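Values quoted throughout were computed directly from the atomic coordinates according to the rules given, and no laboratory measurement underlies them. Predicted model only: the values in this text are computed from it and were never measured. Here Cβ is always computed from backbone atoms with ideal geometry, including for glycine, and neighbour counts include all displayed protein chains.
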């Protein structure tokens, strides 16, 4: 299992310094960078991409969260943009990408658009050696956002029959808002490759540090063990906040103990 942190949630100046901080100060395997078509900080800039390319193969785990809308009615535009991200992932050595499904006022039609895009992207993922993991989002009814893919039945409908390069990213904060963490893990275990870790109070997407909200973390780790999860865990909460570093150390310790198969009785 690999343990990384989101570059959106701790301070850094350049890519080399970011990776160095993740390794030496935070004790992690690598970093999840944020990629957006604006190429403006806090997402990676074009210069950052060049630095990542130059550092390829030097040992750090590189993943990326790409921002787009798979459910967009502009299917060709979505496909071209996602294909560019896959090309970039191959270039910098990022083996795992995470993306959202997007929004749609017609839920079923939006899900069908997502599936069609993923069907087209899967061969590109295979040829580039990249896994594309689709993340669960807010409950569909939350603040009338109409975000797709918050329930397990949506993912089963979208992912069934696709190739192994299309996976599932569990966002713990979003699952806590939906109240379906254990169900999501149990139902989607075969696709689960990636986990975003953040806490909240069960209502809004607060991105609280690990153990500072209402998530049942011992139950979370137990659920992962039941499906044999052995993918990437990404800390997606403010590490430089008052309790952020302590939360990171606790989360890292619990993740390492999980990976080692040790008892979880002392978890938060």
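A Förster radius of 41 Å combined with the Cβ-Cβ distance from residue 240 to residue 106 puts the calculated FRET efficiency at roughly 0.50.
From its DSSP helices (H runs of at least four residues, each -39,500 (n - 2.57)), the chain gives a residue-normalised ellipticity at 222 nm of -12000 deg cm²/dmol. Distance between the modelled labels on residue 164 and residue 1, one decimal in nanometres: 2.1 nm (7 Å Cα→Cβ projection). Using C-alpha pairs below 8 Å separated by at least 6 residues, the relative contact order for the stretch 2-260 is 16 percent. Between the C-alpha center of the stretch 110-134 and that of the stretch 170-200 there is a gap of 20 Å. Legend: calculated FRET efficiency, residue 226 to residue 23, from the Cβ-Cβ distance at R0 = 51 Å, rounded to 0.05, equals 0.95.
For the peptides 254-261, 175-182, the ranking by packing is 175-182, 254-261, with the highest mean count of neighbouring Cβ atoms within 10 Å listed first. In the stretch 14-57, whose amide N lies under 20 Å from the spot 7 Å out along Cα-to-Cβ of residue 259? List them in ranges. It comes to 18-33, 57, nothing else. Model label points for residue 38 and residue 182, set 7 angstrom from Cα along the Cα-to-Cβ axis, are 4.0 nm apart.
Ranking of 79, 229 by neighbouring Cβ atoms within 10 Å, starting from the fewest: 79, 229.
At R0 = 22 Å, how high is the FRET efficiency between residue 11 and residue 205 if r is their beta carbon distance? Nearest 0.05 is fine. My answer for the efficiency is 0.55.
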